[in-house]
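Let me begin by presenting the structure, written as structure tokens, before commenting on it.
The values are calculated or read from the model by the stated rules, or taken from the named source; none is laboratory data. Given the structure is predicted, the values throughout are model-derived calculations rather than measurements. So basically every Cβ, Gly included, is an ideal-geometry build from the backbone, and we count neighbours across all protein chains shown.
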Amino acid sequence: MNTQRDGLSSPQRETRSKTALKLAVFVTQAPASLSGPLAFAFLGGYADASGYVLTGAFTGHVTGAIVLAAIGAAGGDWPSFILRLGGVTAFLIGVAVAESLAEELQGRLSHYVLTFVIAIELTLFSLGYLATQHVNAPRALLVTCMSLALGLQNGVWRRVGGAAAVHTTFLTGLSINLVATETDEKLLHSRQVSRPSSLKLPADIWLAFFLGATFGAAAALHFHAGAILGAVLMLMLVMTASTVRVEAHSDTP
């Protein structure tokens with residue numbers, strides 16, 4: 001068996017080289033993965049589920065929030081109606097603000113749009129957590145902060161996501177797209193017509209959202225308002241990855 005000066009055989013050295021290569025690829029691609037649509041979908045599911053457990057209102061799901069608001073109105077529960085409708089309003093304002101920021105920061109600063117919006121989202125989640133620490137703080141403050149943050153997230157990713165410009169906070173559109181795409185591809189395959197598959201990304205985002213919602217609900221049930229800190233930590237990680245990704249892009253000739 002051939003050995004080198006380091007005492008390793010040729011197969012061992014080849015295995016070590018492959019491991020080092022995989023590690024290098026992971027380190028290189030980690031910023032893109034942690035600031036990509038799957039990370040935001042996981043965060044969207046986490047925040048929406050934990051927000052619902054804590055407040056009884058959806059913070060990132062407009063359809064569900066409107067249905068709950070309508071149920072509140074029908075039952076004469078006007079505080080719940082106002083709470084849930086306020087969440088919808090805050091979410092839509094967040095989308096509009098993100099769209100405006102993306103439009104204003106076009107050009108040289110366009111790569112920093114995502115990082116900037118993440119910083120705002122991080123601030124809003126932190127404010128929401130601080131609101132829970134005061135007994136007299138209304139639930140509406142937490143709902144408003146979280147809904148506005150998720151609206152910002154959904155709006156900015158729709159603008160900067162490129163080929164992955166999908167919704168990361170609700171699944172109705174993604175589910176329709178998933179089923180429609182799969183059906184279309186089966187029909188095209190039966191007709192022997194080739195078309196690039198676009199099925200994988202929505203399916204992965206659906207799974208990421210579901211996992212995020214599961215963890216978010218479990219965190220809220222066990223840690224109560226402390227679950228919001230989980231979203232804060234995730235946003236800090238995503239913002240760091242986004243910054244690294246932007247800097248790497250800037251250094252590329």
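Structure data summary
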read-out	value
Count of residues meeting criterion [under 9 Å from A47 (Cα atoms) and surrounded by fewer than 20 Cβ atoms within 10 Å (Cβ to Cβ)] in the stretch 203-216	0
Which listed residue is outside any loop (DSSP other than H, G, I, E, B), touching a Phe, Trp or Tyr at 6+ places or on another chain (Cβ under 7 Å) and surrounded by 13 or more Cβ atoms within 10 Å (Cβ to Cβ), from G64, G86	G64
Residue within the stretch 131-149 that is over 15 Å from the mean Cα position of the chain (by Cα), within 24 Å of S242 (Cα to Cα) and at pLDDT 90 or above present	yes
